[in-house]
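All remarks here apply to the structure that follows.
The values are calculated or read from the model by the stated rules, or taken from the named source; none is laboratory data. If you're wondering where the values come from, they're calculated on a predicted model, not measured in any experiment. Neighbour counts are summed over all protein chains in view; Cβ atoms, including those assigned to glycine, are modelled from backbone coordinates with ideal geometry. These area figures cover heavy atoms from the full protein model, side chains too; ligands, DNA and RNA do not enter into them. Shrake-Rupley method; radii C 1.70, N 1.55, O 1.52, S 1.80 Å.
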Amino acid sequence: MTFTKTLKAFSIRFITACFLTLVLTTNFAFNYSYPEQHTSVTRTYPKDYFRPPLDIPLFLSGTFGELRPNHFHSGIDIKTNATEGLNVYAVADGYISRVRVQANGFGNALYITHPNGYTSVYAHLQRYEKDIRAFARKVQFEKEQFEIDTILSPEMIPVKKGEIIAYSGNTGGSAGPHLHFEIRDAATEEPINPLLCGFELADIIPPIVNGVYVYPLDENSSVNNIRSKQKFTLTGKRPEYNLNNGAIINVWGKIGLGIDTYDLLSGSANQNGVYSVELRKNGERIFYSQMERFYFKDSRAINSHCDFKERNYSGRWVQKSFVDPGNNLTIYKDLDDRGRITIEPGDIYNMEYIVKDVKGNATTIVFTLNGLDENPFPPTYGTYHTDPNYLDYATLQVYKRPNFKAVFQPYALYDSTLVSYRTGAMPAGGFSSVHTLGNKDIPLHDFIDLELKVEREMTEYQQSKAIIINQGRGVAGGVYKNEVVSGRTKLFGSFYVGTDSIGPSIKPVNIANNKVMSASRSIMVRISDNLSGIKSYSAYIDDKWVIMDYDQKYSLLTYTFDENCPKGKHVFRLVVTDMKDNKSQYLATFTR
């Protein structure tokens, strides 16, 4: 095809320059003396196959497996000196296998499949190399939509190692200019820690630990005669700490441990994720987690891996060293009773945490648990297993109350849970009572299906606009049928039936009717929606569809003047639709 020939010609023109650039920048940017890496890995990864994706020194603002809201970070974030437009290079020979443009998420992203069985990913790009950009624009015009996700065959856009493929940016969900870079297993789509593939960086700083938490895990457990989790501070000097000033911690029953830790890299103040957490009891490993690779389908289980309630209330990321039964993350190994410790009366347990970064720098914490001779509280035997509000994590659960139903698929919960339920009065403008199920401290891994009975008459128009509102937590969809509105959610909360009949908001930034825009480079408009969210938008110049880039974090649409808008008088039209098919339109005549 003509496009392939053009790209091949481009590759030949640039291959010599790219090679010389690679040699020069490698000698300049990576001439460090690094400590020997001592990192436990379960597989062998190529060490000399990939080159860096940028030609500047490798400093990171985010590491692989770092803890993020509802997900583990799937790559490394490479600093670009707070600027955009740096050359982004193919890290090895291969072909562009996927071109993806998103308003949020990765923004402008490219995927390269390599013959060694790996795929490299480059995200938040400012723009693609001109031939790749031409391909992306062609797809956008064919589909008449800004967001695209296109899979390519090997012969369409081949690339060579060191070839410029794009330019670094800040698109999508990025909070500042940087390059998000990944290495994936091409067969399984598992992201892999890129720093296991020979990408070097300066790091001689061991991880930081802010505290250790001890959790009673059943109704007859306690920590220092308290039936709730306790935080213990560190004493001593990093990298070897003691806990609780060396005092013994008295425990009873079944307990678990957690650790608040992060890593620092040399030359950077960013608080990054650690590579591995190991817990030993009397010298034997009982828990080990490592950020080598994981599956995207499991990434939301970060809400089980960490203390979800602690995160909600204090903002701290406390990594639990015991694994919930519904947590299927593959980052764990060598688990003894899934990391839970059954305390025997009168026994002493010498505990040790070993926390490492990917370079093998280690921090250790030693402390002692003392098993009490007897339970400090009268034993209790709960009947919660027979409570109608008790939900089993491993089986299909249909939770019914008058005018309300919630269906939990197996493993939607991470553990069997006793949930609360109550009803409240119908709110103003609502069409059902408020049904409060659970609370914000219980994490969900998968959607639960909701059905709410309509308790006030709805017109046919209102039925078409029906939604389930989760008070203060957004919208859970909504489809009306036979006086019932159904939806889905991954958040517990307070639900009721409402309607969304208001079209999206359109606010022009730099355009107005009859405006002369000969000095402008673009048309900019902000869009938003009050309830169900933006579903689609379409922009036209003189009734011909044009591409408007959508930056969702700023709610900003931008059309950059191109061949579709020559000098002269034109009509700009924008149509925005929300999830309940409410439409808004903006129309303006302008002159270039």
Enumerate the strands (runs of 3 or more DSSP E) found wholly within the range 408-524, keeping only those where 2 or more residues are free of Cβ contacts under 8 Å to residues at least 40 places away in the same chain.
-> 421-424, 466-470, 479-481, 484-489
Considering every residue within the range 445-458, establish whether at least one is among the aliphatic types (A, V, I, L, M) and open to solvent by 70 Å² or more (accessible area, probe 1.4 Å).
-> no
Quick one: is Ala269 surrounded by fewer than 15 Cβ atoms within 10 Å (Cβ to Cβ), under 25 Å from the mean Cα position of the chain (by Cα), without any contact (Cβ under 8 Å) to a residue 24 or more places away in the chain and farther than 30 Å from Leu413 by Cα?
-> yes
For Pro566, work out the one condition from (1) under 28 Å from Phe404 (Cα atoms); (2) outside any strand (DSSP E or B) it doesn't fulfil.
-> (1)
Would it be correct to say that Asp542 is of a type in the set (Asp, Glu) and over 15 Å from Ala588 (Cα atoms)?
-> no
Considering Pro57, Pro52, which residue is modelled with pLDDT of 95 or more, assigned to a loop (DSSP other than H, G, I, E, B) and over 30 Å from Lys309 (Cβ atoms)?
-> Pro52
Pair list, Cβ under 6 Å, 6 or more apart: the range 43-66 residue closer than 19 Å to Leu265 by Cα, other residue open to solvent by 30 Å² or more (accessible area, probe 1.4 Å) and of a type in the set (S, T, N, Q) | Ser61/Asn270
Filter result for the condition that a residue is on the phi > 0 side of the Ramachandran plot and at pLDDT 95 or above, over Gly478, Gly503, Gly498 = Gly478
Quick one: what pairs do we get from the range 378-400, first residue open to solvent by less than 100 Å² (accessible area, probe 1.4 Å), second assigned to a loop (DSSP other than H, G, I, E, B) and acidic (Asp, Glu), C-beta under 6 Å, 6+ apart or different chains?
-> Thr380/Glu219; Gly382/Glu219; Tyr393/Asp415
Take the residues in the range 78-90 that are open to solvent by less than 10 Å² (accessible area, probe 1.4 Å) and outside any loop (DSSP other than H, G, I, E, B), then tell me which one is nearest to Pro194 (Cα to Cα).
-> Ile78
Which of the residues spanning the range 72-121 are within 18 Å of Thr188 (Cα to Cα) and touching a Gly at 6+ places or on another chain (Cβ under 7 Å)?
-> Phe72, His73, Ile112, Thr113, His114, Pro115, Val121
Which of the residues that make up the range 60-75 are part of a strand (DSSP E or B) and out of contact with any Ser or Thr (no Cβ under 6 Å at 6 or more places or on another chain)?
-> Leu60, Ser61, Gly62, Leu67, Arg68
Matching option when the condition is touching a Lys or Arg at 6+ places or on another chain (Cβ under 9 Å) and surrounded by 16 or more Cβ atoms within 10 Å (Cβ to Cβ), among Thr363, Thr330 = Thr363
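Listed here are the residues, each with its yes/no results for (1) aliphatic (A, V, I, L, M); (2) in contact with a Ser or Thr (Cβ under 7 Å, 6 or more places away or on another chain).
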position: Val398; (1), (2): yes, no
position: Ala406; (1), (2): yes, no
position: Thr417; (1), (2): no, no
position: Val434; (1), (2): yes, yes
position: Ile442; (1), (2): yes, yes
Identify all residues within the range 258-268 that are hydrophobic (A, V, I, L, M, F, W, C) and assigned to a loop (DSSP other than H, G, I, E, B); write none if there are none.
-> Leu264, Leu265
Checking Lys553 against (1) surrounded by fewer than 18 Cβ atoms within 10 Å (Cβ to Cβ); (2) of a type in the set (Lys, Arg); (3) part of a loop (DSSP other than H, G, I, E, B), the condition it does not meet = (3)
